[in-house]
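The values are calculated or read from the model by the stated rules, or taken from the named source; none is laboratory data. Predicted, not measured: the structure shown is a model, and the values here were computed from it. All Cβ positions, even for glycine, are placed from backbone atoms using ideal geometry, and neighbour counts span all protein chains on display. Quick note on the areas: whole protein, heavy atoms, side chains included, nothing else; ligands and nucleic acids left out. Shrake-Rupley method; radii C 1.70, N 1.55, O 1.52, S 1.80 Å.
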Amino acid sequence: MQQVKASGPRAAALKYDILTALLSLSLSNKSVDGRLAQRLALLITARFSWRTETFSVGTREIARLWSVTERTAKRDLALMRARQWIGVHRSPARGRVTEYRIDLAVVLDATRQSWPAVGPDFVA
């Protein structure tokens, strides 16, 4: 799998493509992957740094953003880590929250099944 960078000449288009792919998966797949895709899209929109490809948000804030309990937020973050969509970039330290990195190539690969619904231009 090739590395996907959200910077450079096609960065703007790539950002929309990633969000489109995640939201398309979330609407076409009513299982766990669809729910996780929707939640990851919200994290990307609200708290993601495209420059560093990371987000640093506490579980309490994520739970509030997703309108779920902290336990559910922890469980869904663990599911995203198990699917390798996200990984811990920097562990929490005194007074700091975990910093997560999103593996954009893995996310795009996981959403590939829903691309035809967007259209042939998106698949290409």
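Which residues, taken from the range 55-68, are open to solvent by less than 10 Å² (accessible area, probe 1.4 Å) and either touching a residue at least 40 places away in the same chain (Cβ under 8 Å) or not in a helix (DSSP H, G or I) (or both)? Give the steps one after another, and end with the answer.
Of the range 55-68, the ones open to solvent by less than 10 Å² (accessible area, probe 1.4 Å) are 55, 57, 62-63.
If the condition is that a residue be open to solvent by less than 10 Å² (accessible area, probe 1.4 Å) and either touching a residue at least 40 places away in the same chain (Cβ under 8 Å) or not in a helix (DSSP H, G or I) (or both), then F55, V57 are the ones that fit.
Filtering the range 24-54 to residues that are hydrophobic (A, V, I, L, M, F, W, C), within 13 Å of V118 (Cα to Cα) and buried (at least 18 other Cβ atoms within 10 Å of the Cβ) leaves only L25. Taken over the range 17-52, the criterion of being outside any helix (DSSP H, G or I) and under 10 Å from the mean Cα position of the chain (by Cα) is satisfied by F48 alone.
Restricted to the range 75-118, and to residues that are of a type in the set (G, A, S), more than 22 Å from A11 (Cα to Cα) and not in a helix (DSSP H, G or I), which residue is modelled with the lowest pLDDT? Reasoning before the result, please.
Start the filter on the range 75-118 by keeping residues that are of a type in the set (G, A, S), which leaves 78, 82, 87, 91, 93, 95, 105, 110, 114, 117.
From what is left, the residues that are more than 22 Å from A11 (Cα to Cα) are 78, 82, 91, 93, 95, 117.
Next, from what is left, pick out any that are not in a helix (DSSP H, G or I): 91, 93, 95.
Working: S91: 87, A93: 81, G95: 78.
Ranking the candidates gives G95 first.
When R101, R75, R71 are checked against the criterion of being within 14 Å of the chain's Cα centre (by Cα) and open to solvent by 30 Å² or more (accessible area, probe 1.4 Å), a single residue qualifies: R101.
Summed over the range 78-98, residues that are under 15 Å from the mean Cα position of the chain (by Cα), of a type outside the set (A, V, I, L, M, F, W, C) and either open to solvent by less than 60 Å² (accessible area, probe 1.4 Å) or under 19 Å from R51 (Cβ atoms) (or both) total 2.
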